[in-house]
Every structure is written in structure tokens, then in C-alpha cells.
1. Go through region 67-77 and report how many residues are part of a strand (DSSP E or B) and either open to solvent by less than 60 Å² (accessible area, probe 1.4 Å) or at positive phi (or both).
2. Go through the residues of region 216-223 one by one and say whether even a single one is in contact with a strand residue (DSSP E or B) (Cβ under 7 Å, 6 or more places away or on another chain) and under 24 Å from residue 63 (Cα atoms).
3. Hey, any hits in region 53-65 for a residue that's in a strand (DSSP E or B) and over 30 Å from residue 267 (Cβ atoms)?
4. Mind checking which residues of region 23-44 are open to solvent by 60 Å² or more (accessible area, probe 1.4 Å) and modelled with pLDDT under 95?
5. Say we look at region 180-220 and pick out the residues that are open to solvent by 30 Å² or more (accessible area, probe 1.4 Å) and β-branched (Val, Ile, Thr); which of these is nearest to the chain's Cα centre (by Cα)?
6. When you scan region 156-173, do you find a residue that is open to solvent by 10 Å² or more (accessible area, probe 1.4 Å) and hydroxyl-bearing (Ser, Thr, Tyr), even just one?
7. Take the conditions open to solvent by 50 Å² or more (accessible area, probe 1.4 Å) and at pLDDT 95 or above and apply them to residue 91. Does it pass?
8. Considering only residues of region 221-258 that are over 23 Å from residue 70 (Cα atoms) and surrounded by fewer than 19 Cβ atoms within 10 Å (Cβ to Cβ), which is farthest from the chain's Cα centre (by Cα)?
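The values are calculated or read from the model by the stated rules, or taken from the named source; none is laboratory data. The model shown is predicted, which means the values in this text are computed figures rather than measured ones. Quick reminder, even Gly has a Cβ in these numbers, built from the backbone with ideal geometry, and neighbours come from all protein chains shown. For the accessible areas, the whole protein counts, side chains as well, though only heavy atoms, and no ligand, DNA or RNA atoms are used. Shrake-Rupley method; radii C 1.70, N 1.55, O 1.52, S 1.80 Å.
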Amino acid sequence: MLTARLLIPALALSAIPLAAAAQELVPHRAAYTVTALEQGKPGVGTIGTYAYELQLTCDGSYLVHQRLRLEVDGPRAAVATEQQSQMTESRNGRKLSFEHRTSSGRQSSVVKGEAVIGDDGKGEARFAEPEGQSVALPAGTLFPLAIARETIRRADAGDSGFDARFFFGEKVKPPQTVNVVIGRVPRRLADLKIPEGGEELADGRRRIYYRAGFFDAEAKGQGEPAFEMSSVTLDNGIELYGTHEESDGGIEYRITRLEPLAKPECK
């Protein structure tokens, strides 16, 4: 899922299990082509690429690498932008180490730190860059893979959606409120093909479609979301298609390459 950033039924936030049940995600590497969205409709031509990699570690964690590269029109010429993220998230959903790097032309920035959730469901994120900053994590906060696992679990249970708080760590800001709606795969996306070489990862797997709206903590009431996303994801965590929309613009990405990654040989 495009966690480089990833709707209706209101559930008690504290009712969401931190470990997102026992839902496991399969190690894999995937690549996507990216096109622009204008007022929710696809634009013309490819504007970039998105790469995603999920590995397992011997200490019971997931390791994620993400890279999004775009060519954005500037006042004089196209500007290359790149976002890279590396995250390690524990399988019980209680610990997240993160490093996010962004570059646009000659400008670049980095945000990194660690977030931990305690036995009472509350936690704290502490930042190494910018140094000395921290934010509180209220009960019900989910990290990127925990919310992905929870979405799959809810879909398997036949639920139509859920509410949660979401922390990614790309900014020194409190967790966002996220509203997820799970529905049928739209007809226009029903024929998404599995790339050659990745068939074994998709064989017999259910396709899940959802939309999510993300609201900043300081927003009054629900109002308009800071951004929205949608996704077609297999029930083992492999994303086939996604969108990310802000205001009148956004991106759409479709899978072009998929390959399994071996599990680590742990002693």
C-alpha cells in the first residue's frame, strides 16, 4: 500500500487490536507506473515510478522500503521529485522506526525517529531529525502495516469499514484520523493483471478494494480530508492499484512488476 503517505462506520477507536489479529503479509518486491490525476480523472502519459519492498526480519518485524519518483511541471521546466522511506515495524504493531527523505530539485529534507506504543494502547513518537521533537500517540493509533493488516482483517470479516488514528512519521504532527470504507472492486479495475513472474503470489488470493480519507488532528470536525486514497490489494498485502488525491490533483499507480522475496534464515 502507498503508505508513503496509505470511511463511514464509526467504531470505538480503542476497540481496534494493536496486533491487527494474526494477519500476515507476504514478503515481496513490486514496481508501479504512475500517472497524474486531475479532478479524480486520469491524465495523459506516465509521470513517474513507484517501488515497494516488504521483507521479514529475524526479530519478528517487517522492513519496508518505498521510493516514489515524479516529474512535476515547473514554471520553466519539469522538476524531478523523489520520496524515499525506510521503516521497520514490529509484527505486534507497537514499535515503528522510520526515516523519510524528500528531494525536489536542489532542495532536500529528512525526517526520522522511533514511535512506541505501550501496554495501555498509548504511546509516543520521538524524532532524531528534527532533533528533540516528540508527539503523543493516543489510544487506537495504528502504524502503516498495522492499518494495512487491520483493513484486510476487517474485509475478511465482512465489515464495511472502520475508523482509526494513523501515524506515519513524515511530519512532526499528531496522528491523523482515518476513515476507511471497504467495498466491491469497481468494474473498471476488475481486470487488473498480475505481472509475469508474480502469479504464485496472487494465485487463489482475494482482491480487496477500499477508500480512505485522512483528517489532520487540528481540523475542526470531519470537514474535508487532508488527502484521500484508494487501493486494490490482495489479502496477503500485495497492492495492485492505488490512488492518492489532494485538492484537485493526485496520482494513480498500477503494478507492472511483482516478485517474491525469500524469508530470512534465522538461527
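1. 2
2. no
3. Among the residues of region 53-65, not one is in a strand (DSSP E or B) and over 30 Å from residue 267 (Cβ atoms), which makes the answer no.
4. 24, 38, 39, 41, 42, 44
5. 181
6. Yes, that holds for at least one residue.
7. Answer is no for this residue.
8. Among those that are over 23 Å from residue 70 (Cα atoms) and surrounded by fewer than 19 Cβ atoms within 10 Å (Cβ to Cβ), it is 221.
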